Amino acid sequence: MEQLELVSFKLCPFVQRSVIALRYKAVPFTLTHIDLDHPPAWFGEISPFGKVPLLKVGDRAVLFESAVINEYLDETTPPRLHPEDPVQRALNRAWIEFASACLADLYQLTVAPDQARFEECRQALGAKLRRLEQSLDPAPYFNGDRFSLADTAFAPLLMRLELLNQAQPLYDPAQFPRLEAWNDALMALPAVKESVIHDFVKVYFDHIRSRGGYLAAHLPQA
């Protein structure tokens, strides 16, 4: 297989999706972190949207967008993580888009400038979590017993939610038993545990503090 290089920055949840897929499949790859506030010149030349992740596939191509990257990985490396049934596969793809919308809400929550906006974002995210809870199969994973690309898409969201909920309550875990069971199963996987930098919590909270929003004042002291 051609050499794979994943271009990232340290906190990107979309890059984390691809890292989880690569680690779960035990695919060799290198990980290159950049500073998106001061990206190297070569990054702008190969990233059409100026975003990460990028996956360099040898000298043949640079793939962009996490969903596309993970689809490529699933087509080229075992085990297959998408369902075999076309309808279930399409549903998984749709829920992956839903996960992206949840991440967008979560980001807006972390940068909300005041309590009113924070509550607005919290309510929007909570509504999505309730819809997700109603749609989940029994644990352990999104599709039941089989780990899938949908799990790689939601794991970064659930990891951040768990961390933030400990600092500033965003939702009541007791109201989301399936979500909590799913989170526990995912966070126990080595591929998920090893998908972030070793000091992720500190760097993530420091990043939120640097934005100076409402949530920043409610995080544990560094």
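The values are calculated or read from the model by the stated rules, or taken from the named source; none is laboratory data. Because the structure is predicted, anything quoted here is derived from the model rather than measured. Here the Cβ positions follow ideal geometry from the backbone for every residue, glycine too, while neighbour counts run over all protein chains shown.
Quick notes on this one:
- Remark: Asp151 matches the filter, which requires a residue to be outside any loop (DSSP other than H, G, I, E, B), at pLDDT 95 or above, under 22 Å from Asp85 (Cβ atoms) and not hydrophobic (A, V, I, L, M, F, W, C).
- Pairs where the first residue, in the stretch 9-23, is assigned by TED's automatic domain parsing to the domain that holds Thr152 and the second is surrounded by 24 or more Cβ atoms within 10 Å (Cβ to Cβ), C-beta under 8 Å, 6+ apart: none
- Inclusion of Ile96 among residues that are under 30 Å from Ala127 (Cβ atoms), surrounded by 13 or more Cβ atoms within 10 Å (Cβ to Cβ), of a type in the set (A, V, I, L, M) and in contact with a strand residue (DSSP E or B) (Cβ under 6 Å, 6 or more places away or on another chain) is not warranted.
- Considering (1) surrounded by fewer than 22 Cβ atoms within 10 Å (Cβ to Cβ); (2) over 30 Å from Glu84 (Cβ atoms), the lone condition that Leu109 does not fulfil carries the number (1).
- Top-ranked residue of the stretch 186-222 - restricted to ones that are among the aliphatic types (A, V, I, L, M) and over 20 Å from Phe14 (Cβ atoms), ranked as surrounded by the fewest Cβ atoms within 10 Å (Cβ to Cβ): Ala222
- Boolean, Asn70 is assigned by TED's automatic domain parsing to the domain that holds Leu158 and surrounded by 20 or more Cβ atoms within 10 Å (Cβ to Cβ): no
- Filtered residue count, the stretch 69-126, keeping only those that are among the acidic types (Asp, Glu) and either at pLDDT below 95 or more than 20 Å from the chain's Cα centre (by Cα) (or both): 6
- Check on Ser195, free of Cβ contacts under 8 Å to residues at least 12 places away in the same chain and of a type in the set (Ser, Thr, Tyr): no
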